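Following: one structure in structure tokens, then a few remarks.
The values are calculated or read from the model by the stated rules, or taken from the named source; none is laboratory data. For clarity, every value in this text was computed on a predicted model and none was experimentally measured. Methodologically, a virtual Cβ is constructed for each residue, glycine included, from the backbone with ideal geometry; neighbour enumeration extends over all protein chains shown. Remember, those area values only see protein heavy atoms, side chains included, never the ligands or the DNA or RNA. Shrake-Rupley method; radii C 1.70, N 1.55, O 1.52, S 1.80 Å.
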Amino acid sequence: MKRRSFLRSALGSSITTTTALVASLPWLPGCGGGGGSASPTEPAPHAVTINVDAAATGIAVNRRVLGSNVEWVDRGDNLLDSSGHFDPTMLGLVQAMSPAVLRYPGGLQSDTFHWEQADNEHAFTRAMQPTLMTPQRLLELCEATGAEPLFTVNVVTGSADEAARWVHAANIDRAVSSITGRPLPRVDFWEIGNEPYLKVDSRPDLDIAPAEFARRANLFIRAMRAVDPTIRIGLPLTQDTRNDLPVTPYPGFARTVLDGLTEPFDFVAVHNAYLPFAYTAGASTNDLYAGAIAAAESVRDDFVRMRALLAELRPGATIPLAVTEHAPLFSLGLGATDDWSTTPLGALYLADLLRVFADTPDLLLANHWSLSGNGRFGALGGNDGSGTGGFNRASADVLTLASQVLHGNRLDVAITCESVATPAIGLVPARSALPLMSALITREGNTLRALLIHKDSTRDAQVRFDLAGASAGRASLTTLTAPDVTRTDNAPGLWQRSVTAPAGGTSVALNLPPHSVVLLELTM
């Protein structure tokens, strides 16, 4: 994960209706980092009704929102063994998670990476490392998982000619897999730099002013398209603020870059979902919980702002968005909450974020930060020399559930449930009425799947799942819940997993525990 001085800072078709506004969130039991205690009696469940027309055609799902990131450093963040071969346990976990797009060679690590070199400079330590996770290995990982590659070119310490040679090697020369002997996937998606709108605390030599970035971007885009005119090139941009807090040290970055850019680009890369990200110490557990369950909707709002900016500066152009990095981020440099990225609460936010991504028609792709290792940010842990082996962290469990849902067509959904008022916290603004239930529903053939995100911190939800135009025969319910959603153990099993078989019919009754992520699968 990158530490920087200013860290990061078409509505979809789902319909949500809410009733019985609750004034504030109740105390969250079982969580460290705050005072208070749970009620001695079980609070009464709240009623939720979910309506879906199971016979509707729907809209084709976009599996590219299930992307991830792989860095070149540290054996590809522990995906490889010391000889440069894939660790079988880690590879199996990646295949089970089924990432749709893999972005490489990193975030900040891409600013010091030269793809033709056998050794490269670690952006933080400045030490030279052997490049075991080479472009060849990354493409072989794509081959093994079915993922599409996205390469980020080095616009800071690299050159346009170097980037053009990389396009030629990837798409014209086409490497052959050392594993299967088949041609490796071509690279259709390319990104011009990582986060040029930020400054690196320890690497001022990697800073680049917006006008200079625009000048270099023109050179890179021109050189790369000359090699392969069919590639799709992304431009990293950002708003100046989120929740009225600065997220770039370069005010007007996007306007300056777009004013100086003459070459065409195909999508805008944003990193607007590292949330809730409390800037200052002292946030309560309740406020951080509220920020996590409200954060996904603030990402949707930021999409609206970015579309408005593009419409103003590129009138008439249709430019999709891509979130090439996103992850739960509660704090940075503030102590215990820095580790909350691996908690079930962070994964609860991730599930809701994937729901927003799937419900955003002009979102090209999205990449979780990151696939493995990488401190507390990798979806997979282990294989770090400690002898623990590879394992799913809480985020990987959610990504795996979401991967099972995102098949076929996405259906409209109407939800009636209670809502809460949430306070402003970090980069997440206050919301007056946040629904306590959200859902992503798809249909593939005769199978209907729903990813349900239950955000209530203390009460069960009694859910009536009503089907129009169909009746469910068999039903399966996979539930992830946690006694302590802020538990930070770097270990598997932070979620408690259960599988049940509710009765079918035109209306399916469900009981969901507090702060849970649920996969409902119905056979029509």
Enumerated strands (runs of 3 or more DSSP E) restricted to the stretch 343-449, each holding at least 2 residues that are charged (D, E, K, R)
437-444
Taking the criterion of being touching a Cys at 6+ places or on another chain (Cβ under 8 Å) and within 30 Å of Lys455 (Cα to Cα), would at least one residue in the stretch 82-98 satisfy it?
no
For the stretch 131-156: of the residues being under 19 Å from the mean Cα position of the chain (by Cα) and either at pLDDT below 95 or open to solvent by less than 40 Å² (accessible area, probe 1.4 Å) (or both), which is farthest from Gly193 (Cα to Cα)?
Thr145
Leu258 buried (at least 16 other Cβ atoms within 10 Å of the Cβ), within 30 Å of Leu451 (Cβ to Cβ), among the aliphatic types (A, V, I, L, M) and at pLDDT 95 or above
no
Arg225 passes all but one of (1) under 26 Å from the mean Cα position of the chain (by Cα); (2) crowded, with 17+ Cβ neighbours inside 10 Å; which number fails?
(1)
Looking only at the stretch 261-284, count every residue that is open to solvent by less than 20 Å² (accessible area, probe 1.4 Å) and not polar (S, T, N, Q) and tell me the total.
12
Hits in the stretch 469-484 (condition: closer than 18 Å to Leu401 by Cα and not small (Gly, Ala, Ser))
Leu477, Thr478, Thr479, Leu480, Thr481
Looking at (1) closer than 24 Å to Pro43 by Cα; (2) open to solvent by 30 Å² or more (accessible area, probe 1.4 Å), can you tell me which one Asn446 breaks?
(1)
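Residue-wise test of (1) in a strand (DSSP E or B); (2) over 18 Å from Ile50 (Cβ atoms); (3) under 25 Å from the mean Cα position of the chain (by Cα).
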residue	(1), (2), (3)
Gln462	yes, no, no
Ala470	no, no, no
Asp484	no, yes, yes
Arg487	no, yes, yes
Pro492	no, yes, yes
Pro514	no, no, yes
Leu519	yes, no, yes
Leu522	yes, no, no
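Per-residue answers, yes or no, for (1) within 20 Å of Leu480 (Cα to Cα); (2) open to solvent by less than 10 Å² (accessible area, probe 1.4 Å):
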| site | (1), (2) |
| --- | --- |
| Gly375 | no, no |
| Gly389 | no, no |
| Val405 | yes, yes |
| Ile415 | no, yes |
Tell me, yes or no, whether the stretch 118-130 has at least one residue that is at pLDDT 95 or above, of a type in the set (D, E, K, R), over 20 Å from Pro264 (Cα atoms) and in a helix (DSSP H, G or I).
no
Criterion violated by Trp340 - all others in (1) within 21 Å of Asn194 (Cα to Cα); (2) open to solvent by 10 Å² or more (accessible area, probe 1.4 Å); (3) part of a helix (DSSP H, G or I) satisfied
(1)
For the stretch 160-192, what are the residues that are hydroxyl-bearing (Ser, Thr, Tyr) and either open to solvent by 50 Å² or more (accessible area, probe 1.4 Å) or assigned to a helix (DSSP H, G or I) (or both)?
Ser178, Thr180
For Arg449, indicate whether it is more than 20 Å from the chain's Cα centre (by Cα) and over 30 Å from Asn243 (Cα atoms).
yes
Regarding the stretch 70-80, can at least one residue be identified that is open to solvent by 20 Å² or more (accessible area, probe 1.4 Å) and assigned to a strand (DSSP E or B)?
no
Within the group Asp287, Asp301, which residue is more than 29 Å from Val155 (Cα to Cα), modelled with pLDDT of 95 or more and either open to solvent by 50 Å² or more (accessible area, probe 1.4 Å) or not in a helix (DSSP H, G or I) (or both)?
Asp301
Hey, Val499 in a loop (DSSP other than H, G, I, E, B), within 23 Å of Ala47 (Cα to Cα), in contact with a Ser or Thr (Cβ under 8 Å, 6 or more places away or on another chain) and of a type in the set (A, V, I, L, M) or not:
no
Failed condition for Pro99, given (1) within 22 Å of Ala223 (Cβ to Cβ); (2) crowded, with 24+ Cβ neighbours inside 10 Å:
(1)
